Amino acid sequence: MEQIPAIIVDDHKIFRESLTYVLESQANINVIAQANNGLELLSILKHTKPGIVLLDIEMPVMDGVEATREAIKLYPDLKILVLSMHNDEEFYSSMIDLGVKGFILKESDTQEVIKAVDEIVKGSLYFSQELLLGLLKKRKDNLCVELTTREQEVLALIAKGLSNIEIGEKLFISVRTVEKHRAELLLKTESKNSISLVVYAIKNGLVTI
């Protein structure tokens, strides 16, 4: 089985090395590089594109928000998993809008870290429920939109982290039709990406977690 190339970005060397050991010893992951800050990450990305980046938010020289913005300019489909602390909530909305694929707490157990990486690499989203609930409490209420029955079905499956292919298989519709419904959902809710859409949906009671 082919290993997943990963980059870990965090300004604490002990944390990087500990996470590297966990991922390489217990998952099908090869940590191809470590970076101390966002600027070092961008330098690495000029020469290689990893399967996933595990990224801290608060770092010297260049923080996770700016690093995400610049990294996604290089690779728009780059898979980024944010390593978060409880006091990082102020950055969540910005990073969601930029297109990160998930958030987990730094103190998450080994199995959750591995699960998050696996889900994101497969094309799904991963958001720690604890972090998501905290974020929802800080978001302003939006005016809820009217959705068709099919849009509600698609939205529920997006919230579960399913890919377009998986949604199509479950609903017995084509991938192109799923893409059309997803685009319409983003338009109706004025969401920039799938995580923003899920946050909107949960906030407004369209789906539950």
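Would you mind stating whether F172 is of a type in the set (A, V, I, L, M, F, W, C), at pLDDT 85 or above and open to solvent by 40 Å² or more (accessible area, probe 1.4 Å)? For F172, the condition - of a type in the set (A, V, I, L, M, F, W, C), at pLDDT 85 or above and open to solvent by 40 Å² or more (accessible area, probe 1.4 Å) - is met. Considering segment 1-25, the residues that are open to solvent by 70 Å² or more (accessible area, probe 1.4 Å) and charged (D, E, K, R) include one that is farthest from L105 (Cα to Cα), namely E2. Could you list, in sequence order, the residues of segment 26-41 that are surrounded by fewer than 18 Cβ atoms within 10 Å (Cβ to Cβ) and in contact with a helix residue (DSSP H, G or I) (Cβ under 7 Å, 6 or more places away or on another chain)? Of everything in segment 26-41, those that are surrounded by fewer than 18 Cβ atoms within 10 Å (Cβ to Cβ) and in contact with a helix residue (DSSP H, G or I) (Cβ under 7 Å, 6 or more places away or on another chain) turn out to be Q26, N30.
Yes or no, residue by residue, for (1) among the β-branched types (V, I, T); (2) modelled with pLDDT under 85; (3) open to solvent by 50 Å² or more (accessible area, probe 1.4 Å):
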| site | (1), (2), (3) |
| --- | --- |
| D118 | no, no, yes |
| K122 | no, no, yes |
| T148 | yes, no, yes |
| G161 | no, yes, no |
| R182 | no, no, no |
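Scanning segment 64-101 for residues that are in contact (Cβ under 8 Å) with a residue 60 or more places away in the chain and surrounded by 17 or more Cβ atoms within 10 Å (Cβ to Cβ) returns L83, I96, G99, V100, K101.
The values are calculated or read from the model by the stated rules, or taken from the named source; none is laboratory data. Computed from a prediction, not measured in an experiment: that's the story for all the values here. As a convention, Cβ positions derive from the backbone with ideal geometry for all residues, glycine included, and neighbour counts pool all protein chains shown. Accessible surface is based on the protein model in full, side chains and every heavy atom, while ligands, DNA and RNA are left aside. Shrake-Rupley method; radii C 1.70, N 1.55, O 1.52, S 1.80 Å.
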